[in-house]
Amino acid sequence: MRLHGDVSDDEEEGAVMDPALLSSSSLAGAAAAAASRLVVGYALTKKKVKSFLQPKLLLLARKKGISFISIDETRPLSEQGPFDIILHKKTSKEWQRILEDYHEVHPEVTVLDPPNAIEHLNNRQSMLEEVADLNLSSFYEEVCTPRQLVIMKDPSSIPTAVAMAGLTLPLVAKPLVVDGTSKSHELSLAYDEASLPMLDPPLVLQEFVNHGGILFKVYIIGEAIQVVRRFSLPDVNTYDLLNNVGIYRLPRVSCAAATADHADLDPHIAELPPRPLLEKLGRELRGRLGLRLFNIDMIRELGANDRYYIIDINYFPGYGKMPGYEHIFTDFLQSLGQNKYQRCLSGG
């Protein structure tokens, strides 16, 4: 297997002339050295490059022997590299085909993450299906999803569909398709039945759950988990329902500017979900989704400390907003490199 980095003529000659000198310890040393030199090819939007490949990440990566190389999408992928890892967040069918064809020829390259697995999160109907089947019975806490309804077309049919599904107002309206654009993250709150035909399908309607105005953003990077608090939508009471009508366009919630980690909050609302629950949830979803880079938007029902709702799952989220992300992410990349070369040593 080709190892990245320059090899002197003397080193090459030694490797050919004295193979008996390559003991298991020297092989292990070579593997460790190779694992410390990682080439990561990336295919990201300009916006993602700016938010993710921050100077602090690039500096730390360089110290750890990790190089980030931009993939030129105007050239065949097979002519670029060689890469140890490909990091991407592209949604086109053409890119998916290119990446799958490349991986068939280069199975030794780790792709973060498989396009067919990512596709599962590009639709808000399918993204939460795996949550419904989670088995977390060893915990007292309950993890579920809000009741929801998918509307594909004909806004005039929405009031009838909502009534037949037995959903309770108010309802959060979200675009059905998640395509990385700002529009796919636009949310609305519908207070009354008469306003429902004003919505624009295709969309998902979720029952609003009071949660103290705090959202837990759970970042997953391989086996590492980090959770932060974000201010979310305020609770809705009976007065609000009686005195508000129409569709309210909501500001972007859970962004870094809405951090609530240092706010003066009611301890019952601010308390983070139990660590064992998050670890079990992360393991279950990693296995079910086939992904290693994602985050979970999670709320705790107000007045029910043991009931949590997952309201969104995002692939390759804004890790640049996560405190200390550069250390966690570079450690993760190094672990992938070490696993790869350990497999090489064992003949896997």
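Mind giving me the nanometre distance, one decimal, between the label points for R249 and S182, set 7 Å out from Cα along Cα→Cβ?
Going by the 7 Å Cα→Cβ label model, 1.1 nm.
Kindly rank 311-317, 109-115 from highest to lowest mean number of other beta carbons found within 10 Å of each residue. Display every interim value, and only then the final one.
Numbers: 311-317: 22.0, 109-115: 19.3.
Those peptides, ordered most packed to least, come out 311-317, 109-115.
Counting only residues 5 or more places away or on other chains, whose amide H sits under 5 Å from the amide H of L187 once H atoms are built in the peptide plane?
Here L250 satisfy the definition.
In debye, nearest 20: dipole of the stretch 191-318 around its Cα centre with unit charges on the Cβ of K, R (+) and D, E (-)? Could you put the intermediate results ahead of the total?
On the way: 13 positive and 17 negative charges, 135 e Å.
Taking the Cα centre of the stretch 191-318 as origin, the dipole is about 640 debye.
Of T238, T330, which has the most accessible area and how do the rest follow, probe 1.4 Å?
T238, T330
If you count, for each residue, the other Cβ atoms within 10 Å and average over each peptide, how do 209-215, 146-152 line up from highest to lowest?
209-215, 146-152
Might you work out the accessible area of D240 for me, using a 1.4 Å probe with all protein chains in place, and round it to the nearest 10 Å²?
Roughly 30 Å² of D240 is accessible to a 1.4 Å probe.
Counting only protein chains, not ligands or nucleic acids, how are K217, K56, K46 ordered by accessible area (probe 1.4 Å), most first? Could you put the intermediate results ahead of the total?
Details: K217 15, K56 90, K46 185 Å².
Final ranking, largest accessible area leading: K46, K56, K217.
I'd like the accessible area for T74: 1.4 Å probe, protein heavy atoms, all chains in place, Å² to the nearest 10.
120
Place the peptides 281-289, 159-167 in order of packing, highest mean first, counting for every residue the other Cβ atoms within 10 Å and averaging per peptide.
Values: 281-289: 17.2, 159-167: 13.6.
Result, highest mean Cβ count within 10 Å first: 281-289, 159-167.
Kindly sort K64, K174 by accessible area of their heavy atoms, largest first, with the probe set to 1.4 Å.
Details: K64 45, K174 10 Å².
Largest accessible area first, the list is K64, K174.
Which percent of the Cα-Cα distances in the stretch 74-162 go past 19 Å?
Every Cα pair in the stretch 74-162 considered, those over 19 Å come to 60 percent.
Considering only DSSP states other than H, G, I, E and B, which GluC sites (Glu not before Pro) in the stretch 85-115 qualify as loop sites with at most 15 other Cβ atoms within 10 Å? Kindly include the intermediate steps, with their values, before the conclusion.
Values: sites: E94, E100, E104, E108; in loops: E108.
Counting only loop positions with at most 15 other Cβ atoms within 10 Å, the GluC sites (Glu not before Pro) in the stretch 85-115 are E108.
The values are calculated or read from the model by the stated rules, or taken from the named source; none is laboratory data. Not measured: the values here are computed from a predicted model. Reconstructed Cβ throughout: ideal geometry from the backbone, glycine too, with neighbour counts over all protein chains shown. Just the protein is used for accessible areas: all its heavy atoms, side chains included, with ligands, DNA and RNA removed. Shrake-Rupley method; radii C 1.70, N 1.55, O 1.52, S 1.80 Å.
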